[in-house]
1. Kirkwood hydrodynamic radius of segment 1-136 from all distinct Cα pairs, in Å?
2. Set the Förster distance to 25 Å, then compute FRET efficiency between ASP292 and LYS128 from the Cβ-Cβ distance, nearest 0.05.
3. Express in nm, to one decimal, how much length is gained between PHE366 and THR229 on full extension, taking 0.36 nm for each residue of separation and deducting their alpha carbon distance.
4. Please find, in a Gaussian network model of the chain (springs between Cα atoms separated by less than 10 Å), the residue of PHE214, PHE239, PHE366 whose mean-square fluctuation is greatest.
5. Using only Cα atoms, what is the ratio of the radius of gyration of the chain to 2.2 N^0.38 Å?
6. Could you work out how far apart the two model spin labels at LYS22 and LYS40 are, taking each label as a point 7 Å from the Cα in the direction of the beta carbon, and quote it in nm?
7. Students often get this wrong: which residues of segment 279-319 have the backbone nitrogen under 15 Å from the point 7 angstrom along Cα-to-C-beta of GLU251?
8. Evaluate E = 1/(1 + (r/R0)^6) for VAL323 and ARG211, where r is the Cβ-Cβ distance and R0 equals 35 Å; express this FRET efficiency to the nearest 0.05.
Amino acid sequence: MIPKKAIVTGGAGFIGSNLVDKLIDMGIQVSVIDDFSTGKMENTNKKAHYWKQDLSKVDIDELTQFMEGVDVVFHLAALARVQPSIEDPITLNKVNVDGTLNILWAAHKAGIKRVVYSASSSCYGNNKNFPTPETEPTNPLSPYGLQKYLGEHYCKMFSEVYGLDTVSLRYFNVYGERMLLEGAYCLVLGIFAQKMLQGKPLTINNDGEQRRDFTYVGDVVNANILAATHPENLKGEAFNIGNGDNYSVNELADMFGGEIAIVDKMRPEAGKSEVMNLIGEVKDKHAILVDDIVDSGGTLCNAAKAIMDQGALSVRAYITHGVLSDNACVRVEKSVLSELVVTDSLPDRCPKNCNKTRYVSVAPLFGEAIRRVTNEESVSTLFQ
């Protein structure tokens, strides 16, 4: 059942702000609790109500009152990442453990129907079993990993002792829109992206063979919504939220510094294409196809097949405008493409069972461009 009212803690942060936007698009009334220590004002949604508050110091009665009438609480607020927790475990424990306990206690007192807790895959330590099952032994190797794991145990205990329905989601290295590109909380993907933007070489520590599962933020948002709307009592159960694939740091560096290959094609008649040749080396590489428009998808799927036939490990396509006529989504679904990403410059025409096609909103870009034109600011710098 879709909730009518929701609270998102950490809703001005990377994952939380994406979740807030999705919930509001679903017609849900959203309130946000964030102290803005790592969250950003530019991530806020004008349709949400914001309460600036440090959950480790909050008055419980005030927090309980704020939760009254709410159906579900998404608890994402945390000071994340391993290294800062090693440098200052006491401060992070107050935020990550005490803050979580305050949320659970207030939720219990307010009669909240469900709490969805953002846990972490760091509870597994240096796990080498991919994809990782929830039955994998836990072995947190940092204060942060332990703190997030303690949050899981508190959630399960509140379900068993107080009857508060809770569920924990263990994220694996989340990336996507609004992720940090620098600073102590930045993932290797953000670091590489920033280096590329600055025209600097990519730096790899150790041998670069350490492997990670990277998860798109949109998938994490969907996982939160599924957890919130699941019809049965979840009783504090923990679920892994990941991509299912894993990549080494060296492989990521290859993707960021990847070479260019050209698909040479001819079009014997309108609506039909034939791939003639592939110029460039794609063997043992993850390939990305880039184009301005996809119509029926025939050319795109043929190009992807040609690339895979030359030994590529995977092919994804990033296209600006998705016309997607003539069962294009079905054609993509049956193709060798791992994923097709298009903007929502045109309406979504894909059936719900087409899982390979993902839409990215152009609204933030258009909105910022309009703002800059109105204020007589540079638009070209948007694309530098």
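Coordinate-derived values only; no laboratory data. The structure presented is a predicted model; accordingly, all values stated were derived computationally and were not measured. No Cβ is skipped: glycine too gets one built from the backbone with ideal geometry, and neighbour counts run over all protein chains shown.
1. Kirkwood radius, segment 1-136: 15.7 Å.
2. 0.05
3. 46.1 nm
4. Per the Cα network of the chain with a 10 Å cutoff, PHE366 tops the list.
5. It is 1.06.
6. Result: 2.0 nm between the two label points.
7. 283-288, 312-316
8. Between VAL323 and ARG211 the formula returns 0.40.
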